[in-house]
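The values are calculated or read from the model by the stated rules, or taken from the named source; none is laboratory data. These numbers come from a predicted model, not from an experiment. Every residue, glycine as well, gets a Cβ built from its backbone with ideal geometry; the counts of neighbours run over all protein chains shown. The protein model used for the area step is the full one, side chains on, heavy atoms only, and it has no ligands, DNA or RNA in it. Shrake-Rupley method; radii C 1.70, N 1.55, O 1.52, S 1.80 Å.
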Amino acid sequence: MKTIKKGILLAALLFFAAGFSQAVDIESVESYQLVDRLLSLPGPGLPEILDNLVIFTASSSFRRVGIAFADEGFSKVHWFRQLLVRRDPMEDPENEKNLSPHVDSGILFFIHEIPEGAAQIEYRLIINGLWTTDPLNPNSRWDGVSGLSWSVLPVPRREVVPNPLKGPPGGLSFSFRGPPGETVSVAGSFNGWDPFMYELKEGPPGNYSLHLPLPPGRYQYVFFHRGQRCLDPYNSNRVYSREGDAANEIVIR
């Protein structure tokens, strides 16, 4: 498992304007939603799932709080951060220049990315130097082999969104979903738009895929299904020909 990683939340900005005490990575739309959610938390509570992230919280009355995950063998401790909020300047206007612009929100937090395909997250906390289950999460399990108890967070099933760049390096991995037992092909600027050259293979019923090795560059493509051009619904980057035909575009770097 990973914490906020490069490519999901990436910019390493000191977010003093939003009231964080440490560097917070922020770039994507999702990250702004994350910041808004953090700043709206009324206090520590149950772990909260936000898109593909989990927000773990604890009371800032604890001296130090860390978290370790079962899939890492509980061998690595990730430490919570303190959530600071902007102080109201009208609270004490006479001493405004001498007071810190931020105050403790009462919350320590840790952001964790949910691995693809995970059905649950198993973890333990270390609070003020003592290992424990999460006091804010009533779901836990006891392991008879190790003699340890840990907290369990069920993860709702999420749709895995196909991404042509998420496959073997040096090419594109096309995915198409439709009725089972049919013929689906892909054509594009890489094959002169020939709709018969590259046919996708059906794996699980209704799931078609094909990997094409291609050099770095900018490519346009469409799927062909039942004789019709079909755009990739998971790729919002589109271009249009002079005739008004739309195609998806993607870049291999």
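Cβ separations smaller than 6 Å between residues 6+ apart or across chains give the following pairs from the range 230-252 residues that are closer than 20 Å to V160 by Cα to residues that are open to solvent by less than 50 Å² (accessible area, probe 1.4 Å) and acidic (D, E): N237/E249; N248/D232. Could you please let me know if G73 is of a type in the set (G, A, S), open to solvent by 50 Å² or more (accessible area, probe 1.4 Å) and modelled with pLDDT under 90? When the stated conditions are applied, G73 does not pass them. Per this entry, S175 is not counted among residues that are assigned to a strand (DSSP E or B) and more than 30 Å from S189 (Cβ to Cβ).
Among the residues of the range 174-195, those that are open to solvent by less than 50 Å² (accessible area, probe 1.4 Å) and either in contact with a Ser or Thr (Cβ under 7 Å, 6 or more places away or on another chain) or hydroxyl-bearing (S, T, Y) (or both) comprise F174, S175, S185, P195. Yes or no: P215 under 24 Å from P168 (Cβ atoms) and free of Cβ contacts under 8 Å to residues at least 24 places away in the same chain? Considered against the rule, which asks whether it is under 24 Å from P168 (Cβ atoms) and free of Cβ contacts under 8 Å to residues at least 24 places away in the same chain, P215 comes out as no.
Residue-wise test of (1) out of contact with any Lys or Arg (no Cβ under 7 Å at 6 or more places or on another chain); (2) touching a residue at least 24 places away in the same chain (Cβ under 8 Å).
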{"residue": "P162", "(1), (2)": "yes, yes"}
{"residue": "F174", "(1), (2)": "yes, yes"}
{"residue": "P179", "(1), (2)": "yes, yes"}
{"residue": "G192", "(1), (2)": "yes, no"}
{"residue": "H211", "(1), (2)": "yes, yes"}
{"residue": "V222", "(1), (2)": "no, yes"}
{"residue": "Q228", "(1), (2)": "yes, no"}
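Here E96 fulfils each of the conditions (1) over 30 Å from V161 (Cβ atoms); (2) at pLDDT 80 or above; (3) outside any loop (DSSP other than H, G, I, E, B) apart from (2). Being of a type outside the set (S, T, N, Q), over 30 Å from A68 (Cβ atoms), touching a Gly at 6+ places or on another chain (Cβ under 8 Å) and surrounded by fewer than 17 Cβ atoms within 10 Å (Cβ to Cβ) is true of P205.
So, in the range 145-157, of the ones that are open to solvent by less than 50 Å² (accessible area, probe 1.4 Å) and out of contact with any Phe, Trp or Tyr (no Cβ under 9 Å at 6 or more places or on another chain), which residue ends up nearest to L53 (Cα to Cα)? The selected residue is V155. Looking across the range 240-253 at every residue that is surrounded by 11 or more Cβ atoms within 10 Å (Cβ to Cβ) and under 16 Å from L172 (Cβ atoms), the one that is farthest from the chain's Cα centre (by Cα) is identified as A247. Being at negative phi, open to solvent by 20 Å² or more (accessible area, probe 1.4 Å), of a type in the set (D, E) and without any contact (Cβ under 8 Å) to a residue 40 or more places away in the chain is a property that does not hold for E113.
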